[in-house]
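The structure under discussion appears below in the form of structure tokens.
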Amino acid sequence: DTAVSQTPKYLVTQMGNDKSIKCEQNLGHDTMYWYKQDSKKFLKIMFSYNNKELIINETVPNRFSPKSPDKAHLNLHINSLELGDSAVYFCASSQTSTTGELFFGEGSRLTVL
Amino acid sequence: AQRVTQPEKLLSVFKGAPVELKCNYSYSGSPELFWYVQYSRQRLQLLLRHISRESIKGFTADLNKGETSFHLKKPFAQEEDSAMYYCALSAPGGSYIPTFGRGTSLIVHP
């Protein structure tokens with residue numbers, strides 16, 4: 001009965017590869033997010049998405065793309081992985097797009113070799 | 001632009017001592033402020049939000065609009081309070097997407 005779940009929890013891959021991280025929420029929330037937590041534990045928004053609107057942090061490279069097959073899922077696809085992409089990626093959801101109360105997944109630790 | 005500043009990267013105290021984790025923000029308007037906590041090997045979770053004005057696990061936080069601060073306080077720290085604490089701000093100017101501070105690691109020694 002996990003509210004926000006991400007897979008995989010750990011991902012180790014080579015530079016240049018393409019990978020995806022999946023996220024699902026069973027809370028019936030309207031809005032989902034991807035945050036990146038770097039090695040210094042700093043949390044930075046990458047994307048916010050609801051049924052109507054995708055908001056992209058302009059600093060995110062276009063190698064990163066969110067894909068949402070339906071309201072309960074927001075997957076993160078990364079092309080041509082680079083060493084600097086190594087981080088923990090957190091998925092989160094909120095009931096609406098106008099609340100800052102987030103429910104987080106456990107995180108997916110990506111290591112690029 | 002909205003910004004959240006947590007000046008302390010690490011705060012180390014002994015059990016029973018008072019704790020104050022500092023958070024300052026910049027936003028010209030009325031934002032909503034939050035404290036999130038991440039215990040070891042657990043997911044990030046909401047601890048407090050300023051509009052609810054609750055005390056959770058003995059922690060309180062008061063929004064001071066004059067000083068643009070939202071410091072987290074607890075009178076007597078417990079070992080189980082050891083965790084990473086993030087202050088966050090949500091406001092219409094940022095499409096309500098929460099902006100997080102860098103986080104403060106709280107270590108409570110026995």
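Things worth noting here:
- Solvent-accessible ranking of A:I55, A:I78, largest area first, probe 1.4 Å: A:I55, A:I78
- Annotation for the B:A interface, with buried accessible surface near 1700 Å², both sides summed [1.4 Å probe; non-protein components not counted].
- Under 5 Å from the amide H of B:L11 lie the amide H atoms of B:S105, B:L106, B:I107, each residue being 5 or more positions distant or on a separate chain, with H modelled from the backbone and absent for Pro and chain starts.
- Take the Cα of A:T13, step 7 Å toward its Cβ, do the same at B:K57, and the gap between the two points is 3.3 nm.
- Residues in region B:81-106 that a label on A:A3 would reach, taking backbone N under 13 Å of a point 7 Å out along Cα→Cβ: none
- Length-normalised contact order of chain B in % [C-alpha pairs under 8 Å, at least 6 apart]: 39
- Taking label points 7 Å from Cα along the Cα-to-Cβ direction, A:N79 and A:E58 give a separation of 2.2 nm.
- Percent accessible area from carbon and sulfur atoms, region B:3-109, protein chains only, probe 1.4 Å: 50
- Accessible area (Å², 1.4 Å probe, nearest 10) - B:S28: 120
- Long-range Cα-Cα pairs in chain A (distance over 24 Å), rounded percent: 18
The values are calculated or read from the model by the stated rules, or taken from the named source; none is laboratory data. Predicted model only: the values in this text are computed from it and were never measured. Neighbour counts run over all protein chains shown; Cβ positions are idealised from the backbone, glycine included. Only protein heavy atoms, including side chains, enter the accessible area calculation; ligands, DNA and RNA are left aside. Shrake-Rupley method; radii C 1.70, N 1.55, O 1.52, S 1.80 Å.
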